[in-house]
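Novice: Here it is, the structure, as structure tokens.
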Amino acid sequence: MMNDKKIEESVRLFLEGIGENVNRKGLLDTPARVTRMCHQIYEGLNLNPGKHLQKQFASVDNNMVIEKDITFYSICEHHLLPFNGKAHVAYIPNGKIVGLSKLARTVEVYSRRAQIQENMTAQIADAIEKYLNPKGIMVMIEAEHLCMTMRGVQKPGTETVTIMIRGVFSEDFQLQQTFFQMVKG
């Protein structure tokens, strides 16, 4: 659980540390605002993807299910700067499916915490594998990282792409190509 008092004090110390006057009118409410923001952007720390993925329906169809262009925002654990982009999730059912919004909610669970994109990609695939046990999974995330855009190398527009391939997708190149065509089409 989040400790509002510690967050507010940390923000005050940070502002003092960079040379700001924490008693300046524009900064007086900043610690409380940042605390409220933390409850929203880090809410994934207290969420379980199983809550969303356990509601399943029987399916006799074994065709690919894909949810693409799922917008997300996350925080890089190395610099505490945002990264955002699109997630694309596909699976081949193995007798059961979930509602399409549940895939987007799974992305949301993992994007709402401090972490790295590579781990987020794997966590989404792991959750789908654990709760649905599909024949195959592909997760692709495309994101721009502000730690590369506004500091360091300063290359705006650079996209990082991560892919996780499991099950029949890893064995069937044509299935992978179908996924990529659907995502980019």
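Novice: If you wrap region 15-71's Cα atoms in a convex hull and average its projection over all directions, what's the area in nm²?
Specialist: Averaged projected area of region 15-71's Cα convex hull equals 7.2 nm².
Novice: Based on the Cβ-Cβ distance from Val22 to Lys184, what FRET efficiency comes out when R0 is 35 Å, to the nearest 0.05?
Specialist: Values: r = 48 Å, r/R0 = 1.38.
After rounding, the FRET efficiency stands at 0.15.
Novice: Once the Cα gyration tensor of region 51-132 is found, what semi-axes does its equivalent ellipsoid get, as square roots of 5 times the eigenvalues, in whole Å, sorted largest first? Working shown, then result.
Specialist: On the way: eigenvalues 134, 26, 20 Å².
They are 26, 11, 10 Å, listed from largest to smallest.
Novice: Keeping every protein chain in place, order Arg166, Arg24 by accessible area at 1.4 Å, biggest value first, i.e. largest first.
Specialist: Working: Arg166 50, Arg24 105 Å².
Correct descending sequence by accessible area is Arg24, Arg166.
Novice: Under 5 Å between amide H atoms, partner at least 5 residues away or on a different chain: which partners does Lys96 have, H built in plane at 1.01 Å?
Specialist: Amide H neighbours of Lys96: Ser59.
Novice: What is the distance, in nm, between label points placed 7 Å from the Cα along the Cα-to-Cβ direction at Asn48 and at Asp29?
Specialist: 3.7 nm
Novice: Sort 86-96, 112-122, 53-63 by packing, meaning the average of other beta carbons within 10 Å per residue, with the highest value first. Please list the in-between numbers first.
Specialist: Numbers: 86-96: 20.6, 112-122: 17.7, 53-63: 11.5.
The densest-packed peptide leads the list: 86-96, 112-122, 53-63.
Novice: With a 1.4 Å probe and all protein chains left in place, how much of the accessible area of the chain comes from carbon and sulfur atoms, in whole percent? Kindly include the intermediate steps, with their values, before the conclusion.
Specialist: Working: 5420 of 10390 Å².
Accessible surface attributable to carbon and sulfur in the chain totals 52 percent.
Novice: Starting from the exponent 0.38 and prefactor 2.2 Å, build the expected Rg for region 1-141 from its residue count and divide its actual Cα Rg by it. The partial results should precede the final answer.
Specialist: Values: Rg = 18.9 Å, N = 141, 2.2 N^0.38 = 14.4 Å.
Output field value: 1.31.
Novice: Now a separate question. Any idea what the relative contact order of the chain is, in percent, if you count C-alpha pairs under 8 Å spaced at least 6 apart?
Specialist: Working: 316 pairs, mean separation 36.0, N = 185.
So the answer I get is 19 percent.
Novice: Right, here's the next one. What number, rounded to the nearest 500 deg cm²/dmol, is the helix-based mean residue ellipticity at 222 nm of the chain, given -39500 (n - 2.57) per DSSP H run of at least four residues and division by all its residues? Let's see the in-between values first.
Specialist: Working: 8 runs with 78 residues, N = 185.
Helices in the chain give a 222 nm mean residue ellipticity of -12500 deg cm²/dmol.
Novice: Rolling a 1.4 Å sphere over the protein heavy atoms, what is the accessible area per residue of region 21-67, to the nearest Å²? Walk me through the numbers before you get to the answer.
Specialist: Details: 3190 Å² over 47 residues.
Roughly 68 Å² per residue, with all protein chains present.
The values are calculated or read from the model by the stated rules, or taken from the named source; none is laboratory data. Please read these numbers as outputs of a predicted model, since none were measured by experiment. Note that each Cβ is placed from the backbone with ideal geometry, even for glycine, and that neighbours are counted across all protein chains shown. Side chains are part of the model used for accessible areas, which takes the heavy atoms of the whole protein and leaves out ligands, DNA and RNA. Shrake-Rupley method; radii C 1.70, N 1.55, O 1.52, S 1.80 Å.
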